[in-house]
Structures are given as structure tokens and as C-alpha cells.
Amino acid sequence: MAKEKKAPRPKAQTPKGFRDYFGEDVSQRAEMLRVITGVYHHYGFDALESAAVETVEALGKFLPDVDRPNEGVFAWQEFDEDDKGDWLALRYDLTAPLARVYAQHRNDLPTPYRRYAMGPVWRNEKPGPGRYRQFYQCDADTVGTASVAADAEICAISVIRWRRSELRAAIILCG
């Protein structure tokens, strides 16, 4: 009787387009996020933590391809007992969830609503040098006003947070 061959162990490697962060990188990011949070607080923005998963319906026009909801984003369909179900997707930015949160809770939020959010986002796109499928995003938005002063404030915050976080040189275009 022949001895059964064991299945080979899976190769231990990070999936393409993703990366692991260790020690000093994690500490530096945490410090950068602390500095950026301080800028947002200084300007009176409130923190918002939304779900990492949204319904594809809520993402709607923000999707790269509405006819194929899993193109460009990591999406899947949840089925119920009738084999019907919602399409869900990992958030691909922090603005689309804000639109859902504001529509859902606008009667309970101040006007204008000024919020910041930070966290991982995911894109189901071909990775390349410096282009990952998961990355951190820092976002500040003002909704509920048509004032250009709100837009100017976002531009000012972008410059200040960039300078205080001691990142490499950048060109910031506001238009």
C-alpha cells in the first residue's frame, strides 16, 4: 500500500499589491497620523470612523464600473435564503462612505458638517511600483455648505498637514 502524499504547504508570501509594515515604519506612520489629527482638530473637524465595507448601491456612481461591481474594488455578493442579496465592497476611498453617512444621519449632524477620517482603503487594480491594493488615506471634507471658504480651508489644511508631517516636497494644486 502506497503512502499518501501530503499536500504541499502553501507558500508564505504577501499577496501581490499588498505589503507588511514593521517596527519603525508603523511608528512613523502612527506619529504622522497623530500630527495630521492635530491639524484637523485645530481647524474644528470631527473624527468619523465608518465601516470598511459599504453596499455597492451606496457606492453607486463612485464605482469604476457599475455593470461589473467587482471591477476596480474588492466586492462580493451576500446571498439570503432566496438566493438574492446585496453586493458589498471594501471601501476604495473615504469620501464615498461620507456620502452614505451624511445621507443617513444628516438630521443629527451639524450644518455644515466638517469631518476627517483616516484608515485603510482597498483598490482591486493592477499593482505597480509604489501602487498598492491597500493603503492609508487621510481625508477632510465639509458638506452642507456652498461657501468657497470651506474649499479654501481644505486647501489650507492640506498645506499645513503636509508641512507638519515632514513628508517629502510636494506640489499641491487647488482648482
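The values are calculated or read from the model by the stated rules, or taken from the named source; none is laboratory data. The structure displayed is predicted, hence computed values, not measured ones. Cβ placement follows ideal geometry from the backbone for every residue including glycine, while neighbour counts extend to all protein chains displayed.
Being at pLDDT 95 or above and of a type in the set (A, V, I, L, M) is a property that ALA156 lacks. If the condition is being closer than 30 Å to ARG164 by Cβ, among the basic types (Lys, Arg) and either outside any helix (DSSP H, G or I) or modelled with pLDDT under 90 (or both), then the stretch 8-31 contributes only ARG19. Taking first residues from the stretch 60-83 that are under 17 Å from GLN134 (Cβ atoms) and surrounded by 13 or more Cβ atoms within 10 Å (Cβ to Cβ) and partners that are polar (S, T, N, Q) and at pLDDT 70 or above, the Cβ contacts under 8 Å between residues at least 6 apart in sequence or on separate chains come to ASN70/ASN124; GLY72/ASN124; VAL73/ASN124; PHE74/ASN124; ALA75/ASN124. Of everything listed in (1) modelled with pLDDT of 90 or more; (2) surrounded by 16 or more Cβ atoms within 10 Å (Cβ to Cβ); (3) in contact with a helix residue (DSSP H, G or I) (Cβ under 9 Å, 6 or more places away or on another chain), the single unmet condition for TYR92 is (1). Within the stretch 131-162, restricting attention to residues that are assigned to a loop (DSSP other than H, G, I, E, B) and under 17 Å from the mean Cα position of the chain (by Cα), which residue is farthest from ALA89 (Cα to Cα)? The extreme case among them is TYR132.
Within the stretch 91-104, does at least one residue satisfy the condition of being assigned to a strand (DSSP E or B) and either more than 18 Å from ALA75 (Cβ to Cβ) or of a type outside the set (S, T, N, Q) (or both)? The answer is no; no qualifying residue exists. Which of the residues belonging to the stretch 105-121 are outside any loop (DSSP other than H, G, I, E, B) and of a type in the set (Val, Ile, Thr)? Passing the criteria: only VAL121. Of the residues making up the stretch 1-34, those that are aliphatic (A, V, I, L, M) and surrounded by 13 or more Cβ atoms within 10 Å (Cβ to Cβ) are MET32, LEU33. Residues of the stretch 119-131 that are of a type outside the set (Val, Ile, Thr), under 22 Å from TRP162 (Cβ atoms) and surrounded by 15 or more Cβ atoms within 10 Å (Cβ to Cβ): GLY119 alone. None of GLU49, GLU54 is at pLDDT 90 or above, under 18 Å from ARG133 (Cα atoms) and either assigned to a loop (DSSP other than H, G, I, E, B) or touching a strand residue (DSSP E or B) at 6+ places or on another chain (Cβ under 9 Å) (or both) except GLU54. Against the test of being aliphatic (A, V, I, L, M), out of contact with any strand residue (DSSP E or B) (no Cβ under 9 Å at 6 or more places or on another chain) and either within 22 Å of GLU54 (Cα to Cα) or at pLDDT 90 or above (or both), the options ALA117, ALA103 yield a single qualifying residue, ALA103.
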